[in-house]
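Nothing in this text is a laboratory measurement; each read-out follows from the coordinates by a stated rule. A quick note: this is a predicted structure, and the numbers were derived from the prediction, not measured. Cβ sites come from the backbone with ideal geometry, for glycine too, and all protein chains shown count toward neighbours.
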C-alpha cells in the first residue's frame with residue numbers, strides 16, 4: 001500500500017510542480033550549452049568529416065539566421081542532457097507517493113543508472129552509429145559522382161536528435177528494472193506481446209529518427225530490438241519472487 005492517497009487535484013498540482021522544475025533545469029542547461037555552442041558544433045560535425053575518409057564534404061548555410069537558430073536547437077538538446085539527472089529525479093518524485101517506503105529508496109539508483117544509460121546510448125550513437133551511418137550515406141554520393149554539400153541546420157538537427165533518440169531508447173532496461181522491482185511488470189508481461197512490441201519498435205524508430213530514410217530508422221530499430229530483449233532478461237532477473245507462481249500459472 002502507498003503511504004498516502006492523493007486526490008486528482010493534488011496529483012495535477014504535483015505534476016505541474018515537477019514539470020516546472022524539470023523545465024527550469026532544461027533552461028539552465030540550455031543557457032550553459034549555448035555558451036559552448038562552438039564546441040558542440042565542432043563535436044557534431046567531426047563524425048561526418050571522418051566518415052568522408054579523405055573525400056570531400058561541405059557544410060553550408062543557406063539562410064541569414066540559419067546558424068543562430070541551429071545553435072538554439074543544438075543547445076536545447078544539449079540542455080536536456082545536462083538537465084537529465086534533475087529530470088529523472090522529478091519523475092521519481094512524482095511517482096514516489098504511490099510507492100512503498102522501501103521502494104522509495106530506489107530514487108538515487110534510478111537517477112544514477114538512468115543518467116548513465118542515457119549517456120551510454122548517446123555515446124553508442126556518436127561512436128558507432130554515426131560512423132557506420134554517415135559512411136554509408138556519403139558512399140551513396142560517391143557512387144553517382146556527386147560531391148555532398150550539406151545544409152548545416154539539417155545536418156546538426158539530424159545528428160543531435162538522433163543522439164537524443166538513442167539516449168531515450170537506452171533507458172529501456174533501467175525502466176524495466178525498476179518496474180520489475182516494484183512489481184508493476186515481470187518478464188511475462190514483456191514477452192507475451194512480442195509481436196506487437198516489434199511492430200511498436202519499428203513505429204517508434206520511424207517517429208524518433210529525424211529523417212524519412214529507412215537506413216536511419218533501422219540503425220535505431222536494431223539496437224532497440226536488442227534492448228527490448230535485454231529488458232525481458234532484466235525483468236526476469238529482478239522480478240518480485242512472489243509473483244512468479246502467478247505468472248507461470250497464467251502462462252500455462
Spin-label pair residue 27/residue 39, simplified geometry with 7 Å Cα→Cβ offset, distance in nm | 2.4 nm
Label residue 10 and residue 139 with points 7 Å out from Cα along Cα→Cβ: what is the distance between them in nm?
-> 6.0 nm
Projected area averaged over all directions for the convex hull of the alpha carbon atoms of segment 140-192, nm², comes out at 6.4 nm²
Quick one, what does Rg over Rh come out to for segment 1-152 if you take C-alpha atoms and the Kirkwood Rh?
-> 1.14
Extension gain, residue 91 back to residue 62 (0.36 nm per residue minus Cα-Cα distance, nm) | 6.4 nm
